[in-house]
Amino acid sequence: MALDFSTYMSGSVLTKVDRAAMAHGLEVRPPILDNEMIDWAFSLPARFKVRGETTKYIFKMAARGHVPDDIIDRPKKGFGIPIAAWLRRPLRDRIGDIFASSPVWDTGLVDKTLFTQWRDDHWENKVDRSKPLWSLLVLDRWLRGTTAGP
């Protein structure tokens with residue numbers, strides 16, 4: 001809990017929430033992160049936090065009757081961004097440009113034939129190849145930035 005609080009929460013989750021909120025002019029104040037609430041949660045014995053495979057046990061028990069059970073009992077969801085969809089639509093031309101001409105292909109580190117198949121599979125919605133395609137896009141941007149002239 002302490003590790004999540006000091007690393008993952010501040011370095012990832014809260015940063016993303018803050019940026020998304022600011023982009024839309026919203027003020028976000030997560031009530032469960034109130035100082036007194038955090039101090040209280042850290043003081044609780046583990047048996048109140050985890051029971052069997054149920055995490056956030058006491059929190060879920062307190063929410064029952066106030067929040068629908070299907071929300072309380074649903075699997076955990078992260079703050080994923082829709083990269084797969086972006087690569088099929090708004091970033092499609094950028095991916096196309098990489099396949100037309102990119103310093104990536106000159107490195108010899110990446111198999112263009114394989115990536116072409118992955119691109120086609122992804123665009124045709126056969127297989128989600130968003131991770132390698134996103135990595136390709138990032139590598140292309142980085143190489144163009146490092147090889148760009150003055």
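The values are calculated or read from the model by the stated rules, or taken from the named source; none is laboratory data. Quick caveat, the model's predicted, so the values are computed rather than measured. Note: ideal-geometry Cβ built from the backbone for every residue, glycine included; neighbour counts use all protein chains shown. Note: accessible area is taken over every heavy atom of the protein model, side chains too, but ligands, DNA and RNA are not part of it. Shrake-Rupley method; radii C 1.70, N 1.55, O 1.52, S 1.80 Å.
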Quick one: which residue in W142, W134 is closer than 26 Å to T15 by Cα, in contact (Cβ under 8 Å) with a residue 40 or more places away in the chain and open to solvent by 60 Å² or more (accessible area, probe 1.4 Å)? W134
Is it the case that region 96-108 has a residue that's out of contact with any His (no Cβ under 7 Å at 6 or more places or on another chain), closer than 23 Å to P31 by Cβ, modelled with pLDDT of 95 or more and β-branched (V, I, T)? no
At least 1 residues that are within 14 Å of L139 (Cβ to Cβ) and open to solvent by 70 Å² or more (accessible area, probe 1.4 Å) in each: list the helices (runs of 4 or more DSSP H) lying fully within region 80-125 that qualify. 92-100, 112-123
Quickly run through region 1-59 and pick out the residues that are modelled with pLDDT of 90 or more, among the basic types (K, R) and in a helix (DSSP H, G or I). R19, R47, K49
Please find, within region 1-33, the residue that is farthest from the chain's Cα centre (by Cα) out of those that are loosely packed, with under 12 Cβ neighbours inside 10 Å and of a type in the set (D, E). E27
Note on region 36-79: residues exposed (fewer than 10 other Cβ atoms within 10 Å of the Cβ), of a type outside the set (D, E) and within 26 Å of the chain's Cα centre (by Cα) are I71, R74, P75, K76, K77, G78
Residue pairs qualifying under the 7 Å Cβ cut-off, at least six apart or on distinct chains, with the first in region 1-29 being touching a residue at least 24 places away in the same chain (Cβ under 8 Å) and the second being of a type in the set (A, V, I, L, M), are V17/V28
